[in-house]
1. Which pairs break 30 Å Cα to Cα here: A:65/A:121; A:18/A:180; A:43/A:180; A:65/A:180; A:43/A:65; A:43/A:71?
2. Rounded to the nearest 0.05, what FRET efficiency do residue B:266 and residue B:63 give with R0 = 45 Å and r taken as the Cβ-Cβ distance? Could you check?
3. For the protein assembly as shown, give the share of DSSP beta bridges that are antiparallel, in percent and rounded to the nearest 5; count only bridges with both residues there.
4. Can I get the semi-axes of segment B:138-213's equivalent ellipsoid? Compute them from the C-alpha gyration tensor as square roots of 5 times the eigenvalues, in angstrom, largest first.
5. Could you sort the peptides B:134-146, B:169-181 by per-residue average Cβ neighbour count (10 Å cutoff), highest mean leading?
6. Which peptide among B:74-80, A:230-236 comes first, and what is the full order, when sorted by highest mean count of other Cβ atoms within 10 Å?
7. Modelled label-to-label distance, residue A:121 and residue A:170, 7 Å Cα→beta-carbon offset: nm?
8. For n ≥ 4 DSSP H runs only, could you compute -39500 (n - 2.57) per run for the protein assembly as shown, divide by its residues and tell me the 222 nm figure to the nearest 500?
Amino acid sequence: MSTLLELRGVEARYGPIKALHGVSLTVAEGEIVALLGANGAGKTTTLRAVSGTVRHTGEIVFEGKQIARSKPDAVARAGVAHVPEGRGLFAELSVWENLRMGAYVRGERRTLRQEAPRVFKYFPWLERRRDQQAGTLSGGEQQMLALARALVGRPRLLMLDEPSLGLAPTVVQEIFRIVKELNADDGLTVLVVEQNANVALAAAARAYVLEVGQVAIEGESAELRRHEGVRKSYLGY
Amino acid sequence: MALPLAVVWSQVAQQVTSGLAAGAIYASLALALVLIYQTTNVVNFAQGEMATFTTFIAWTIMNHGVPYWPAFALTLLIAFGGGVTVERVLIRPVEHRPELVIVILTIGMLIAINGLTGWIWGPGVKAFDSPFPNRSVIVGGVAISIQDIGTFCICLGTVLVLWLFFRFTTLGLAMRSVAFNPDASRLMGVRVGWMLALGWGFAAALGAVAGMMAAPTVFLDPDMMLVLLIYAFAAAVLGGIDSPVGAVVGGLLLGVVINLLGSYVDFVGQELRLPTALAVLLLVLVIRPTGLFGRVVVRRV
């Protein structure tokens with residue numbers, strides 16, 4: 001498997017507060033990788049460094065190209081879809097208009113014509129409610145719309161920031177089931193940030209555990225599940 | 001308040017239609033204010049002066065023998081380019097500064113453009129041609145001036161074209177998404193800075209329409225839009241400063257109400273029209289700060 005994304009010694013700060021102290025990780029094409037850790041460990045900041053929405057130093061290589069100094073819109077056009085914390089939906093726009101924005105990155109109309117039917121296969125209810133205002137959807141539906149919107153742009157890499165946050169367990173299961181399906185069907189590469197380590201390790205092949213802005217533990221999911229420290233701190237048994 | 005005993009229906013209708021024509025001009029300028037407010041989050045105090053400047057450009061083009069409608073179209077293009085340039089050159093460097101900085105910048109632009117207009121074209125009042133004949137048509141016993149009908153149709157036609165653009169084109173959708181959520185738009189691959197510049201371009205073009213439609217009646221001089229801007233501001237606040245629909249409805253409503261009050265309430269007359277508009281502004285801000293169509297801004301903590 002070839003490397004799709006590689007971070008080498010990435011540091012980031014919010015004003016005087018340093019959030020990342022040299023994060024290095026790789027994501028290979030076609031794999032699901034989880035990024036675990038406690039609150040404030042730097043998971044979200046790592047994703048934001050990749051998408052260029054936080055000031056950072058260090059190297060970020062995507063498909064062999066250096067993107068560390070690229071602006072967010074350029075990173076998106078390079079094929080990285082970032083579903084951020086809080087989902088970043090356009091609450092005032094309709095479901096369909098949100099999907100149109102997802103296709104914007106590759107030229108709206110043609111992309112939408114090709115990709116919408118594919119995405120509706122995974123989220124059939126979206127098609128029936130395409131004219132509903134996105135802000136009026138339930139939390140779980142909003143998370144699924146955010147996921148669908150990212151998929152419409154046919155990204156090379158999908159980055160999900162805590163898709164389980166604030167959602168009922170059944171909805172979380174559903175979302176991860178779809179992510180796994182997409183990975184199996186289309187070989188979609190996913191980098192997912194999660195506090196819920198159980199559900200993330202069930203979906204991911206590999207995982208990194210961040211502690212105070214650095215990678216503390218890394219390995220195969222099965223291996224991490226047996227890891228004493230991970231079990232105690234993140235899995236809760 | 002001395003209301004005349006016999007209010008003749010046809011006269012009222014006449015006042016309403018000419019109020020609608022004036023209101024359509026307020027609506028265009030108010031919509032220009034809203035377009036910029038939605039993306040840059042400030043009221044562009046230079047909106048009126050930008051409109052005056054472009055109307056003078058139209059006057060110069062027509063003075064060179066270009067017929068009205070080609071000159072009109074050319075002026076819109078120039079205004080659009082000018083608006084984009086203003087955003088890129090003047091606003092962009094202060095984009096991330098506190099809003100007060102941008103407000104002061106637009107006030108500075110107001111003074112600078114006003115001075116520049118007077119310096120280039122001189123301070124005197126100039127006649128500006130109207131594309132419409134100076135006649136009236138009688139509809140159901142009501143005499144409606146063709147000038148009023150034309151002004152109304154051009155202003156609202158422009159608004160309609162703009163609405164279609166925002167509703168149905170990819171670029172229009174991207175511009176709306178930037179107004180709602182610039183950070184999320186960036187993640188969708190939208191070049192946010194350019195969308196802001198386009199917003200300024202459309203606002204400037206709308207202002208140019210308002211200026212060219214107003215100039216035949218208020219005459220062309222460097223200060224001609226100062227008063228109109230206040231009406232437009234009142235209209236925008238009445239409709240809700242963040243609502244495009246509100247700006248248009250607010251403009252039309254204000255035009256009609258001011259015209260009726262000016263004609264039928266003696267003490268308002270001609271002189272107190274502007275203070276009446278300001279009173280509307282004040283009342284709305286006190287009673288319903290979000291206006292007729294505005295959103296209540298809920299801040300999450």
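Every number here is computed from the coordinates shown, using simple stated rules; none is lab data. None of these values were measured; they are calculated from a predicted model. Here Cβ is always computed from backbone atoms with ideal geometry, including for glycine, and neighbour counts include all displayed protein chains.
1. Long pairs (Cα-Cα over 30 Å): A:65/A:121; A:18/A:180.
2. 0.60
3. 60
4. 36, 13, 7
5. Ranked by mean Cβ neighbours within 10 Å, highest first: B:169-181, B:134-146.
6. Per-residue Cβ counts within 10 Å, averaged per peptide and sorted highest first, yield B:74-80, A:230-236.
7. 2.6
8. Per the formula, -18500 deg cm²/dmol.
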